[in-house]
Structure formats: structure tokens, C-alpha cells
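Worksheet for the structure shown next.
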Amino acid sequence: MPHKHFDERLTDLERRLLAMSHKVESLVEDSVAMVMGKGDATIDEIYAADDAIDEEEVGIEEGVIELLALHQPMASDLRLLVTMLKVNTDLERIGDHAVNIAEAAVRLRESTDRPPRPPELEEMSRIARQMLRRALDALVHRNAEEAVAVMAEDDRVDGLHESVFRVMLTHMLEGSLTACLQVILISRNIERIADLATNISEDVIFMVRGTTVRHGGAEAAAGTD
């Protein structure tokens, strides 16, 4: 494959991945809005958006594998393609978690014994969405420092998730079992979105610096050159 054609295909795949990331961000926003009683997205619209993301994930994966097989890129191009493949998968998984959130929001809305919504839930959703946005910005701008900063936020979301869990356990003792389980499920899926934003940030660091920081946490990432 001529190198010019390779560059054109690579640029097109980057563009498609960026467009997919915008769709995923919108899906997360719409799902969280359903939890907070805001927005006007329906569950059918959530499903349709997720189906479109799934289809694009397959197309991007096939495009990346084709470039890897036909061109056998080296160094930075290889790291970019590997990163795109991993981020593509993480974005699709974030879409799945957004669907889980929306479905739980519908069940919660239909419940007759809804507990008060813990303020930690809104705070952790705000941080998780911000992490996702910043991780994707770091990917676009090849900014490893921003990626490290995103990783440092993950512990805050974990702590808020634990707080939501404890609050809901208290309400369960008062008889709001089904509704409390939905809140815990929503919180867990938001926490997983933050984890996947962290994964994307780790992949950005690998792409930019050629250093693997997965499992080492934000401190390991900050210590890389």
C-alpha cells in the first residue's frame, strides 16, 4: 500500500473515531439526564444511538486491522493504530454502560418507593463525564500530561460510588429495596465509565510516550518521561 494512501486511510480512521467519541459523549449525557429527570431522550433513542455506535465500532476495528495487515507500520504509526483499536473498544463499552444507566433510570422512574437521590450521584456523574471529555481531548491533541491529570480523578469517583452504596444500603433497611438497587446500578455504571476514561488516558500516554502505565496508576504515569 503506497504511503500516501496509508496516511489518507489513517486520517479517515482518526476522523471516524473522533465522530464516534462525540456520539458516545452525547449518549452518556442523555442517559445521565434521564437519571436526573432532565432532557427529553427516550429509551428507544438511547438504544438506536447505541446500535449506531456498535456498528461504527466494528467498521473502525476492521479498518485498523486492515492497515496493520497490509502496511505493517512501525514506531509511532503502530502505536497510534494500537491505541485507536483499544480506544475504539473502550468507547463501545462506555456506550453499553450508558444504556445500562438509561434502563435503570426507567426502572427507577417506575418505582413507587424511590429514595431521595444522593447528591454524590450527580457529583460523580459530573466528574466521570468530565474525565471522558478530557481523555478524548488528550487523545486528539496527543497530550500525555492531560491524560495523567484525568487518571488522577478516578479515585474521587470511586470514593463517591462507595458513598452512594452506603447511603442506599441504609435506605434498603427502610424498605426501598428495588429502587435502591437501581441507584446502586446507576452509580456502578458511572464508576465504570470513569474507569474506561482512565483506560483511554493510559492509552494516550502509551501512544505519545511509548510507555505502558496500565495498572501503575496516576503516580506511575506522572513519573514517565
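The values are calculated or read from the model by the stated rules, or taken from the named source; none is laboratory data. Everything quoted here is computed from the prediction, not taken from an experiment. Every residue, glycine among them, receives a Cβ derived from its backbone with ideal geometry; neighbour counts consider all protein chains shown. All accessible areas refer to the heavy atoms of the entire protein, side chains included, with ligands and DNA or RNA removed. Shrake-Rupley method; radii C 1.70, N 1.55, O 1.52, S 1.80 Å.
When residues of the range 166-205 are filtered for being within 25 Å of D90 (Cα to Cα) and open to solvent by 50 Å² or more (accessible area, probe 1.4 Å), how many remain?
Qualifying residue count for the region: 2.
I'm told M84 meets every condition in (1) more than 24 Å from E191 (Cβ to Cβ); (2) not in a helix (DSSP H, G or I) except one. Can you identify the failing condition by its number?
Only one criterion is unmet by M84, namely (2).
Give the residue that is surrounded by the fewest Cβ atoms within 10 Å (Cβ to Cβ), with candidates limited to residues of the range 52-75 that are in contact (Cβ under 8 Å) with a residue 60 or more places away in the chain and part of a helix (DSSP H, G or I).
Looking at residues that are in contact (Cβ under 8 Å) with a residue 60 or more places away in the chain and part of a helix (DSSP H, G or I), I get L70.
Of the residues in the range 119-133, how many are open to solvent by 10 Å² or more (accessible area, probe 1.4 Å) and either closer than 24 Å to L177 by Cβ or in contact (Cβ under 8 Å) with a residue 40 or more places away in the chain (or both)?
Final tally of qualifying residues: 5.
Against the conditions (1) in a helix (DSSP H, G or I); (2) open to solvent by 70 Å² or more (accessible area, probe 1.4 Å), where does K38 fall short? Just the number, please.
Status for K38: all satisfied but (1).
Of all residues in the range 171-224, which are modelled with pLDDT under 90 and of a type in the set (S, T, N, Q)?
Selection gives S176, T178, T211, T212, T224.
Looking only at the range 116-155, which residues are under 17 Å from I190 (Cβ atoms) and over 16 Å from the mean Cα position of the chain (by Cα)?
R117, P118, P119, E120, L121, E122, E123
Please verify whether the range 6-17 includes one or more residues that are over 30 Å from L108 (Cβ atoms), open to solvent by 70 Å² or more (accessible area, probe 1.4 Å), in contact (Cβ under 8 Å) with a residue 60 or more places away in the chain and in a helix (DSSP H, G or I).
No - not one qualifying residue is present in the range 6-17.
Is it the case that S26 is touching a residue at least 60 places away in the same chain (Cβ under 8 Å), open to solvent by less than 70 Å² (accessible area, probe 1.4 Å), hydroxyl-bearing (S, T, Y) and under 27 Å from N100 (Cα atoms)?
Judged against the criteria, S26 is not a match.
Of the residues V87, V99, only one is of a type in the set (V, I, T), in contact (Cβ under 8 Å) with a residue 40 or more places away in the chain and under 22 Å from D137 (Cα atoms); which?
Only one candidate qualifies: V87.
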